[in-house]
Amino acid sequence: MKLQSKVALVTGAAGYIGSTTALRLARDGATVAVCDVNGDLARTVADGIMSAGGKALAVETDVRSPASIEAMVARVLEQHSRLDILVNVAGGSARERASTVHGSDEQVIREIIDVNLMGVIFCCRAVIGHMCAQRSGKIVSVASAVAIQGQPGFADYAAAKAGVIAFSKTLAMEVGRHNVHVNCVSPGLVPRPGTPVEDIPGTNYLGRIASPETVSNLIAFLVSEEGDFVVGQNYVVDGGWSLGLKGRH
Ligand SMILES: NC(=O)c1ccc[n+]([C@@H]2O[C@H](COP(=O)([O-])OP(=O)(O)OC[C@H]3O[C@@H](n4cnc5c(N)ncnc54)[C@H](O)[C@@H]3O)[C@@H](O)[C@H]2O)c1
């Protein structure tokens, strides 16, 4: 129970990586605010945590809206009087609308940047004053290996996630002296069960599909005391995908 008496807020917590992370932090002893734009699914995840003996509350939140974010943080503070951990998971590449830059749509580009980058900036801004005053806090944002290596068809997403990494490094510099730690994790492909992945060796060097736990394990380490001297880093968890071109071997 490494996170006993800690209060954690996870955005995108109704999704694949987010729900796995929320469950993991709850299992480690944290009270978890399960925040997502999909309120029904957020409540289902929070109920799952509570029926497993953990502590959780569901908060419907749209990270595209600073007002919605402020209300989410106010609700958690009102109910628990502290906030120790923020995990920014909300986001996604909108794979079904992926396009080359040449053929891209302005609205889609703005949506991708809004959720993946602006959402992280505004969530961090909403908690940082409280964490600095508390003189402790851990923030982990989920970026992507695509931010490091690029991927044709996903330039807007790559730019947003690279922005998350740059933002996090800078924020880490600003708040380190207040004992607030800011880091990123960058997964490679983490497909949901049933998603067809034709070329698994093309997505990593391990030849197997990543589970969401590969990401949540790293997050759980970074937000625990064990990760207490890690500041401003981006940890790639992609089975070596971003190492470069794959040859058959
Ligand atoms: N799955 C992957 O292969 C992969 C790889 C690298 C990075 N990532 C990143 O990991 C994160 C989670 O991905 P996932 O695969 O679990 O996706 P997912 O679609 O299962 O989960 C994303 C969650 O974010 C929520 N969300 C979307 N817009 C929101 C908004 N405006 N406000 C609040 N919540 C919102 C969704 O409702 C959903 O529950 C994303 O940031 C994604 O970019 C995923």
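At a 1.4 Å probe radius, carbon and sulfur cover how many percent of the accessible area of the range 7-243?
About 55 percent, which is the carbon plus sulfur part of the accessible surface.
Please list the non-local residues whose amide H lies under 5 Å from the amide H of residue 238, H modeled 1.01 Å from N, same-chain partners needing a gap of 5 or more.
Residues meeting the criterion, in which the H sits 1.01 Å from N, are 188.
How tilted is helix 213-223 with respect to the longest principal axis of the chain? Cα atoms for both, answer in degrees (0 to 90, nearest 10).
40
Would you kindly derive the ³J(HN,Hα) couplings of the range 134-140 from the backbone phi angles with the Karplus curve 6.51 cos²θ - 1.76 cosθ + 1.60 (θ = phi - 60°), listing them in order in whole Hz, with x for Gly and Pro?
Result, rounded to whole Hz: 6, 6, 6, x, 10, 10, 10.
5 Å is the cut-off here: which amide hydrogens, built 1.01 Å from N in the peptide plane, fall below it relative to residue 57, excluding neighbours closer than 5 in sequence?
So residue 57 has HN proximity to 32, 33, 34.
Give me the orientation-averaged projected area of the Cα convex hull of the range 7-243, in nm², one decimal.
That works out to 12.5 nm², a quarter of the Cα hull's surface.
What number comes out for the charge environment of residue 109, summing +1 per Lys or Arg and -1 per Asp or Glu over other residues with Cβ under 12 Å away?
Combined, the nearby Lys, Arg, Asp and Glu give -3.
Mind listing the phi-derived Karplus ³J(HN,Hα) values for the range 176-184, rounded to whole Hz, using 6.51, -1.76 and 1.60 with θ = phi - 60°, and x for any glycine or proline?
In residue order, the calculated couplings are x, 5, 8, 6, 10, 9, 10, 8, 10 Hz.
Compute, for the chain, the length of the dipole vector about the Cα centre, with Cβ point charges of +1 (Lys, Arg) and -1 (Asp, Glu) only. Units Debye, rounded to 20.
Using only the charged Cβ atoms, the result is roughly 520 debye.
How large is the helix-only mean residue ellipticity at 222 nm for the chain, computed as the sum of -39500 (n - 2.57) over DSSP H runs with n ≥ 4, divided by its residue count, in deg cm²/dmol to the nearest 500?
Computed mean residue ellipticity for the chain: -12500 deg cm²/dmol.
Using the Cβ atoms and a cut-off under 15 Å, what net charge is assigned to the surroundings of residue 193, where Lys and Arg are +1 and Asp and Glu are -1?
Net charge around residue 193: +1.
If you count only protein heavy atoms with a 1.4 Å probe, what accessible area per residue comes out for the chain, rounded to a whole Å²?
For the chain, the per-residue accessible area is 47 Å².
With a ≥ b ≥ c taken as the square roots of the eigenvalues of the C-alpha gyration tensor of the range 138-238, please select rounded if a/c is under 1.5 and otherwise prolate if a/b is larger than b/c or oblate if it is not?
Here the range 138-238 falls in the oblate category.
Number of Lys pairs in the chain with C-alpha atoms less than 14 angstrom apart, excluding same-chain neighbours closer than eight positions?
5
What is the packing order of peptides 17-24, 132-139, 155-162, taking the mean over residues of other C-beta atoms within 10 Å and listing the highest first?
Highest mean packing first, the order is 17-24, 155-162, 132-139.
Taking the mean number of other Cβ atoms within 10 Å as a proxy for protection, how do you rank 171-177, 103-109 from highest to lowest?
Going by the mean number of other Cβ atoms within 10 Å, highest first, we get 171-177, 103-109.
The values are calculated or read from the model by the stated rules, or taken from the named source; none is laboratory data. What you see is a predicted model, and the numbers here were worked out from it, not measured in a lab. Because the Cβ atoms are built from the backbone with ideal geometry, glycine has one as well, and the counts that use them run over all protein chains shown. When the accessible area is computed, the model is the full protein with side chains, heavy atoms only, and any ligands, DNA or RNA have been set aside. Shrake-Rupley method; radii C 1.70, N 1.55, O 1.52, S 1.80 Å.
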